[in-house]
1. Defining a contact as two alpha carbons under 8 Å apart and six or more residues distant in sequence, what relative contact order in percent does the range 130-286 show?
2. For a quick check: with amide H placed at 1.01 Å from N, whose amide H comes under 5 Å from Gly241's, ignoring anything fewer than 5 positions away on the same chain?
3. Considering only C-alpha atoms, what is the centroid distance from the range 37-82 to the range 176-201, in Å?
4. So which aspartates and glutamates pass the test for Lys266, namely a Cα distance under 14 Å, with those fewer than 8 places away in the same chain ruled out?
5. Can you tell me the relative contact order of the chain? Whole percent, Cα pairs under 8 Å, sequence separation 6 or more.
6. What full-extension length gain, to one decimal in nm, is calculated for Lys185 and Ser274 as 0.36 nm per residue of separation minus the Cα-Cα distance?
7. Sticking to Cα atoms, compute the Rg of the range 163-284 to one decimal and its Dmax as the biggest Cα-Cα distance, whole number, in Å.
8. Of all alpha-carbon pairs in the chain, indicate the percentage at a distance above 25 angstrom.
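Just so it is clear, none of the values below were taken in a lab; they were calculated from the coordinates. Computed from a predicted structure; not experimentally measured.
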Amino acid sequence: MKRAANEVTEPQDAEARRRIPPVICYPVDTLPRPDLASYQAARDGWEKVDEVVVPPREARCFHVPAGSFFRIVSIEGPQVGDLNLWAAEDINERFFSGKTRALHGTHLSTGDQLWSCLPYLRPMATITHDTLDWYGFDGFGGSVHDVIGTRCDPYTHKLLSGDEYHHCCHSNLTRALADRLGKPKLEVEPAVHDVLNVFMCTGFTRDTGQYFMKASPVRPGDYLEFFAEIDLLGALSACPGGDCSAEHSSDVAVCHPLLVEVYRPKAPPAGWTSPTRNGYSRRHED
Ligand SMILES: [Zn+2]
């Protein structure tokens with residue numbers, strides 16, 4: 001695929017094979033869709049019950065009861081955030097960025113849902129408002145709020161630079177989760193997982209397919225709003241990359257805090273019930 005050495009000769013029908021149109025892997029026509037109008041109506045008269053400020057180059061945990069909302073808000077300056085979600089009652093159930101990407105595409109916005117890992121595979125949260133929805137896809141193929149990256153981590157940084165850096169999102173999330181659960185960092189580290197890159201503007205280069213980032217279009221006052229489908233434990237890291245216009249995994253970029261707000265509606269959305277775990281029998285028969 002990289003065609004670096006030109007060692008392989010094309011077959012005669014190479015162009016014909018390339019012209020075969022693609023098929024969507026997971027058509028979502030049969031996917032149960034959330035009733036967004038009732039979710040949005042449930043915001044009338046809601047009450048803010050908690051807020052957590054996430055300092056730059058750090059992470060913080062927060063709890064959102066099923067049926068409540070939370071917002072991730074840009075304050076002070078452009079900043080991207082790395083979001084992890086777990087079922088509050090069992091952190092083995094966690095956000096599955098890969099399957100979320102397969103179902104909803106590379107970048108998420110209003111109406112998309114964040115799915116949990118196997119064998120649970122149910123919606124953990126639904127995006128109910130995105131002030132950056134106007135951005136769409138830019139001329140580079142970039143867009144906002146991706147599920148194509150992982151999270152900046154000290155292992156990849158060590159591999160590429162030889163240096164130790166302890167405030168990558170992976171480490172920030174690990175420290176925050178250890179603090180919240182009162183457990184050692186090494187014990188909780190495996191629960192940290194691939195993220196929703198909130199406010200980050202990313203894509204793949206057309207020529208080499210490489211993951212790229214560019215300055216986030218987020219500005220103070222922008223927010224991404226979620227409805228909690230199940231009881232959630234969340235963790236948000238204010239990435240050391242700041243707005244990710246230049247680099248991450250260092251103390252060079254200008255960074256800002258992020259704000260998490262939790263809102264409790266007067267009543268749950270009309271007709272809403274918290275989703276149950278996936279119904280597959282798990283027999284895996286021959
Ligand atoms: Zn990061």
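1. 23 percent
2. Counting only residues 5 or more places away or on other chains, the set is Ser249.
3. Answer, in whole Å: 17.
4. Asp44, Glu47
5. Averaging sequence separation for qualifying contacts and normalising by length gives 35 percent for the chain.
6. 28.9 nm
7. That works out to 18.2, 53 Å for Rg and Dmax.
8. 49 percent
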